[in-house]
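Structure first, then comments.
The values are calculated or read from the model by the stated rules, or taken from the named source; none is laboratory data. Nothing here was measured: the structure is a model prediction, and the numbers come from that model. As a convention, Cβ positions derive from the backbone with ideal geometry for all residues, glycine included, and neighbour counts pool all protein chains shown. Just the protein is used for accessible areas: all its heavy atoms, side chains included, with ligands, DNA and RNA removed. Shrake-Rupley method; radii C 1.70, N 1.55, O 1.52, S 1.80 Å.
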Amino acid sequence: MSVIEKRKTLYTAVAADEYDTRHHGAINFPLYQNSLFAFETHEAFDRAMADAGREHHIYSRGNNPTVRYLEEKISELEGGESAKCFASGMGAISAAVLSIVAQGDHIVCVNQAYGPTREFLGSYLQRFGIETTFVDGSLLENWRNAVRPNTKLFYLESPTTMMFELQDIPACTELAKQIGAATIIDGTWATPCFQQPLAMGVDLVIHSISKYLSGHSDCIGGVVIGSNRWMDRLSRTEYMLFGGVMTAHTAAAVMRGLRTLPLRMERHESSGLRVAMHLSNQPYVTRVNHPGLPFHPQYDLARRQLTGYSSLFSFESNEPPEKLKEFANRLGLFKIGVSWGGYESLITVNRVQPDQSSDEKVVVRVYVGLEDPDDLIQDIDAAWASLN
Ligand SMILES: *Cc1c(COP(=O)(O)O)cnc(C)c1O
């Protein structure tokens, strides 16, 4: 069942599901603004403590009903057994990684992973004797060559969110299984609507909820989804001990956004492809990096492992960066900013070094929001024309 079909589960009013009887037919799941949950008898309290609060509500650092409701919805969308929500995407990423590696272990990570992720794996974890090798993730050979006897984790991000390169997810997970390593993927770009990594053998999927999942540029959050085997461990240790958990307030706001996720993603997909195609026909554009365009070098792989395309992509140009920045200044509908996934379209001009051996180049990253795509195309053409 595709996620676009699964969207019924998101639109299902709370009144129709298991929470029915306690909530007066409320359409939205109630906001449990509680740190504390108390018990009628000490025996009931003892039972809850024995279960470490997994099924029972004791204290909201462990298990808040509103957050739990969101976790169940996301887990269902992703096809996982369970999920845990964090205070940010980085909270989810750092907890997921640390639930797998220990001192002396080695990680292989895709080159173009999210900047703070690269810093966490490549620099921060060195303090604890954990080493990371970064590879051009588009070739399986590179993953194989980077493997050491102590490799415990393959960290994927597919597609990456500046150059939009893919990794062959089933091939990477198969190789990881052969060598006894776990796999994590950052699936923020595709959302559970367009990519189902757990079905391709990935152990843990993470998303920054701050982007498309919440969808309105008003929340910071993250989530880890997986099988109970991995998630139980993570819940007991990194989740409970670091304490970087999502608040009930945020969970309620995310739930409001999540209910329209499939609708929004359908619109982002069609608008994103139209704007990307339009840019690919402009004389000032030398290349568009969007995995849904037939001339993307990994288009066949994209068709195999994505069921759709989100609306963040980039283009390259031979024009000087100053001129590209002035172009950005003159756009009316595109704002200049980084955190995509909300209503507003965005643009930034970036210097990128795709890997250690290549030269730095200028890459313009474009996020297509929910405005009318005709208006966005007009905005682009008018801004560029006004420069010349
Ligand atoms: C934003 C982002 C993150 C980090 O999420 P936060 O919620 O900002 O901590 C991780 N991965 C990708 C691909 C992102 O875009």
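So that you can scan it fast, the table gives a plain yes or no per residue for (1) under 25 Å from the mean Cα position of the chain (by Cα); (2) part of a helix (DSSP H, G or I):
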residue	(1), (2)
Ala26	no, no
Phe29	yes, no
Gln33	no, no
Glu40	no, no
Ala44	no, yes
Arg47	no, yes
Gly62	yes, no
Lys73	yes, yes
>> Can you find, within segment 346-366, the residue that is modelled with the highest pLDDT among those that are open to solvent by 70 Å² or more (accessible area, probe 1.4 Å) and part of a loop (DSSP other than H, G, I, E, B)?
In response: Glu360
> If you check Arg274 against the conditions, is it of a type in the set (Lys, Arg), touching a Leu at 6+ places or on another chain (Cβ under 8 Å) and outside the structural domain of Ile74 (by TED's automatic domain parsing)?
Replying inline: no
> Identify, please: which residue in segment 305-345 is surrounded by 16 or more Cβ atoms within 10 Å (Cβ to Cβ) and among the aromatic types (Phe, Trp, Tyr) and is, among those, nearest to Leu258 (Cα to Cα)?
Replying inline: Trp340
> Of His216, His207, which residue is assigned by TED's automatic domain parsing to the domain that holds Asp186 and more than 22 Å from Glu157 (Cα to Cα)?
Replying inline: His216
>> What's the total number of residues in segment 133-165 that are within 16 Å of the ligand (Cβ to nearest atom) and over 17 Å from the mean Cα position of the chain (by Cα)?
In response: 2
> What tally of residues in segment 176-192 results from selecting those that are farther than 15 Å from Ala96 by Cβ, part of a helix (DSSP H, G or I) and either outside the structural domain of Ser138 (by TED's automatic domain parsing) or in contact with a strand residue (DSSP E or B) (Cβ under 8 Å, 6 or more places away or on another chain) (or both)?
Replying inline: 3
>> Which count do you get for residues in segment 271-293 that are farther than 12 Å from Phe315 by Cα and hydroxyl-bearing (Ser, Thr, Tyr)?
In response: 1
> Of the residues Glu81, Glu55, which is at pLDDT below 90 and more than 17 Å from Ser214 (Cα to Cα)?
Replying inline: Glu55
